Structures are given as C-alpha cells and as structure tokens.
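Enquirer: Pasting a structure here, questions to come.
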Amino acid sequence: MSINIIVCMDKSSAIGYKNKLLSHQSADLKRFKQLTQGHFVLMGSATYRSIGKLLPNRHNIILSRNKKFHVPGAFIRHSIEDVIKEYKLNNNEQELFIIGGEEVYKQAIKYVNKLYVTIINHEFDKVDAYFPNISVNEWKIIDIEKHLSDENNDYDYSFVTYERN
Ligand SMILES: NC(=O)c1ccc[n+]([C@@H]2O[C@H](COP(=O)([O-])OP(=O)(O)OC[C@H]3O[C@@H](n4cnc5c(N)ncnc54)[C@H](OP(=O)(O)O)[C@@H]3O)[C@@H](O)[C@H]2O)c1
C-alpha cells in the first residue's frame, strides 16, 4: 500500500499553463501509463477537465467541492482526507497515485510516501501552475535516470524518484 505523487515539471517546477500540460513527451506519458495502470488515480476537477476523459484501466477519483459534480464511471470525492482515509481502510494491494494539478499536489504532498518526478530540462516561458518545493530535509532521491532528447522527446529529461526521509 503506497500513496504516491506522479508529476512532470520543468527546471523551474512549472507544471502547466491555461489548464494544459507544458509538454507531451512520449517517454513521460509511457512512464505515467506504466506506473499508474491498475491503480487508483486522484485528480482535481481542473485536471480531469484538462485530460477530457477518464484514464482507462485505472480507478479514477476526482476531487470537487461541488456536491452536484458527477462523472459516470468515476468516484467523486469532496475532501482529500476522505480519499486517504477510505484508501487506507479498504485497500492493501493497489497503490494511490496523486496525478495533479497544482492545488491538489499542494494539499496532498503531506500524505505521500513517494514522488515520481519527470524533470524536463527546459524552462517554459508561459506557465501558471507549479509543483510545491521538494524539501531536501524531507525527501531523498532513491533513483535517477537521465535521458537525452530524441525524435519522440523534444527535450532532455530525467526520471527522479524520491522517498520520504
Ligand atoms: N505536469 C503535470 O504532471 C501535471 C499533472 C496534472 C495537472 N497539471 C496541470 O495543473 C494545472 C491544473 O491545476 P489546478 O491547481 O488549476 O487544478 P487541480 O488541482 O487539477 O483541480 C483543482 C480543483 O480540484 C478541486 N479541489 C481541490 N482541492 C480540493 C479539496 N480539498 N476538496 C475538494 N475539492 C478540491 C476543486 O474542484 P471544484 O472547482 O470542482 O470544486 C478545484 O477547483 C493544469 O495546467 C494542468 O495541466 C500538470
């Protein structure tokens, strides 16, 4: 049982602009799919709107304060604490991945044991959403994989995995 964050950020911790991702690097999307398949994914309603559909082969949980918010096939929850409590009570095999966006990452990071971070080696000009600061006192890097750009990935990038100290 593990509660994780998965995020793709640029060198300045930026994660989005106008409710869209900053880049669609193929390797990052593949890693996202590979890690989250079969597990629970938790997202804010803005991220759900940005994706535009539920993620297949995953239990989709969407956070909204709107009690009338409804998406067929998704679990709608109205507080992060409820999601965490329910997850811990009912589940011991599947992992829970917090998949964004900014507002949800900021609130959820304190409940998380692992961060799966893709760092794009670039600073995007137009950004309006950020990942919170990853404090070196709280987190240690347990794995790092560096990759160069190629025909499917516009920028150099690294996969960095952090575990809570
Ligand atoms: N790079 C990445 O890895 C990545 C991943 C995901 C998203 N993003 C980007 O992040 C940006 C979106 O982030 P965001 O901060 O605007 O939105 P968000 O976190 O996706 O969603 C915010 C919404 O979630 C609901 N919510 C948040 N906290 C809640 C709580 N404690 N209880 C109940 N509901 C809660 C509210 O929905 P209601 O308004 O319905 O009440 C709120 O308006 C976009 O640019 C997106 O592309 C990037």
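Laboratory data are not the source of any read-out in this text; all were calculated from the coordinates shown. Model, not experiment: these values are computed from the prediction. When we count neighbours, we look across all protein chains shown, and the Cβ atoms used for this are built from the backbone with ideal geometry, even at glycine.
Enquirer: Give the residue from 62, 25, 50 lying farthest towards the positive end of the charge dipole for the stretch 3-164; charges sit on Cβ (+1 for Lys and Arg, -1 for Asp and Glu) and the dipole is referred to the Cα centre.
Expert: Checking the options against the dipole of the stretch 3-164, the answer is 62.
Enquirer: Determine the alpha carbon to alpha carbon distance for each of 11/140; 110/140; 33/53; 85/114; 53/146; 18/106 and list only those over 20 Å.
Expert: Pairs exceeding 20 Å: 53/146.
Enquirer: From the residues 113, 155, 76, which one has its Cα farthest along the dipole of the stretch 3-164 in the positive direction, the dipole being from +1 and -1 charges on Cβ of Lys/Arg and Asp/Glu about the Cα centre?
Expert: The residue sitting most towards the positive pole is 76.
Enquirer: Amide H neighbours of residue 76 under 5 Å, counting only residues 5+ apart in sequence or on other chains, H built in-plane at 1.01 Å?
Expert: Residues meeting the amide H criterion: 62.
Enquirer: Give the Rg (one decimal place) followed by the Dmax (whole number) of the stretch 1-85, computed from C-alpha coordinates and expressed in Å.
Expert: Over the stretch 1-85's Cα set, Rg and Dmax evaluate to 13.4, 38 Å.
Enquirer: While we're on this one: If you take the beta carbon distance between residue 140 and residue 78 as r and set R0 to 41 Å, what does 1/(1 + (r/R0)^6) give as a FRET efficiency, to the nearest 0.05?
Expert: That gives a FRET efficiency of 0.75.
Enquirer: So for the chain, considering every pair of alpha-carbon atoms, how many percent are separated by more than 30 Å?
Expert: Counting pairs separated by more than 30 Å, the tail of P(r) holds 12 percent.
Enquirer: Charges at C-beta only: +1 for Lys and Arg, -1 for Asp and Glu. How large is the resulting dipole of the stretch 3-164 about its Cα centre, in Debye rounded to 20?
Expert: Once rounded to the nearest 20, the dipole reads 760 debye.
Enquirer: I would also like to ask the following. To the nearest 10 degrees, how steeply does helix 80-90 sit against the main Cα axis of the chain, on a 0 to 90 scale?
Expert: With both axes taken from Cα atoms, the answer is about 70 degrees.
Enquirer: Round to the nearest 0.05 the FRET efficiency obtained for residue 111 and residue 150 when R0 = 45 Å and r is the Cβ-Cβ distance.
Expert: E(calc), rounded to 0.05, equals 0.80.
Enquirer: While we're looking at this one, here's another question. Just the number, please: percent antiparallel of the DSSP beta bridges in the stretch 1-119, rounded to the nearest 5.
Expert: 10 percent
Enquirer: Which angle from 0 to 90°, rounded to the nearest 10, does the C-alpha axis of helix 26-36 make with the longest principal axis of the chain?
Expert: Roughly 30 degrees, rounded to the nearest 10.
Enquirer: A further question on this structure: Between residue 35 and residue 57, with labels modelled 7 Å along Cα→Cβ, what's the label distance in nm to one decimal, could you check?
Expert: 1.7 nm
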